[in-house]
Amino acid sequence: MEAVAVIAVVSVVLLIIGFKPFTIISLALLLLTICFALMALFFVFFFARMLFTRVKKAEFLRIGRSPRNRFNVAYYSIDGKEYPNIFPSEGIRENKLYKEGKKYTVLLSRNNKFVFDRFSIATCTIGFLFCTGVSLLLTFIIKL
């Protein structure tokens, strides 16, 4: 809600200064394009991290609070040691997506602190494609 108020105030100030509405809309689209491009780079960063992982078989243990963050993550056991997933768990239909005791193929990080499971890989892929697509679409709209 505060963001909407800030956008409204900034828009009114820009109108008072003398900016044309078309220019304000173009600036807003440019800002959105930059945000989506940065999100795409976020996913590229995690794809790069996936390049330096090792493929392992892991047993799903549980969903629990992340040791470094405030969200819930999936925990996997590899060779008797517990590793958290790097991304948050889905939250919806977890009992259907994660089966306790089932073996999954995961990517173990180089420093052995976390894993990428199949949902992390899907999140990176879909997120990258979506953010890149929206960035390109907004760039095309701005050029019109």
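Could we say that residue 58 is open to solvent by less than 70 Å² (accessible area, probe 1.4 Å) and in a helix (DSSP H, G or I) here? No: the conditions fail for residue 58.
The residues of the range 2-33 that are assigned to a loop (DSSP other than H, G, I, E, B) and on the phi < 0 side of the Ramachandran plot, listed by number, are 19, 20.
Here are 63, 126, 78: which of them is open to solvent by less than 30 Å² (accessible area, probe 1.4 Å) and β-branched (Val, Ile, Thr)?
Values: 63 fails: open to solvent by less than 30 Å² (accessible area, probe 1.4 Å); 126 fails: open to solvent by less than 30 Å² (accessible area, probe 1.4 Å).
Unique residue meeting the criteria: 78.
Just checking, which of 36, 47, 43 is open to solvent by 50 Å² or more (accessible area, probe 1.4 Å), within 30 Å of residue 137 (Cβ to Cβ), assigned to a helix (DSSP H, G or I) and of a type outside the set (A, V, I, L, M)? Quick ask: steps written out before the conclusion?
Working: 36 fails: open to solvent by 50 Å² or more (accessible area, probe 1.4 Å); 43 fails: open to solvent by 50 Å² or more (accessible area, probe 1.4 Å).
Checking each option against the conditions leaves just 47.
Does residue 94 meet the test of being open to solvent by less than 60 Å² (accessible area, probe 1.4 Å), over 30 Å from residue 26 (Cβ atoms) and of a type outside the set (Val, Ile, Thr)? Considered against the rule, which asks whether it is open to solvent by less than 60 Å² (accessible area, probe 1.4 Å), over 30 Å from residue 26 (Cβ atoms) and of a type outside the set (Val, Ile, Thr), residue 94 comes out as yes.
The C-beta contact set for the range 84-109 (first residue under 11 Å from residue 59 (Cβ atoms), second residue outside any helix (DSSP H, G or I) and among the basic types (Lys, Arg), distance under 6 angstrom, 6+ apart or interchain) comprises 103/57; 106/56.
Go through the residues of the range 76-94 one by one and say whether even a single one is out of contact with any Ser or Thr (no Cβ under 7 Å at 6 or more places or on another chain) and assigned to a helix (DSSP H, G or I). I'd like the intermediate steps shown before the answer.
Just the residues of the range 76-94 that are out of contact with any Ser or Thr (no Cβ under 7 Å at 6 or more places or on another chain), to begin with: 76-83, 88-94.
Right, trim to assigned to a helix (DSSP H, G or I) and you get 94.
Yes, the range 76-94 has at least one match.
When residue 107 is tested against the conditions (1) surrounded by 15 or more Cβ atoms within 10 Å (Cβ to Cβ); (2) in a strand (DSSP E or B); (3) out of contact with any helix residue (DSSP H, G or I) (no Cβ under 8 Å at 6 or more places or on another chain), the lone failure is (3).
Filtered by the rule that a residue be touching a residue at least 12 places away in the same chain (Cβ under 8 Å) and small (Gly, Ala, Ser), the range 70-83 gives 74, 77.
The values are calculated or read from the model by the stated rules, or taken from the named source; none is laboratory data. Because the structure is predicted, anything quoted here is derived from the model rather than measured. Here Cβ is always computed from backbone atoms with ideal geometry, including for glycine, and neighbour counts include all displayed protein chains. Only protein heavy atoms, including side chains, enter the accessible area calculation; ligands, DNA and RNA are left aside. Shrake-Rupley method; radii C 1.70, N 1.55, O 1.52, S 1.80 Å.
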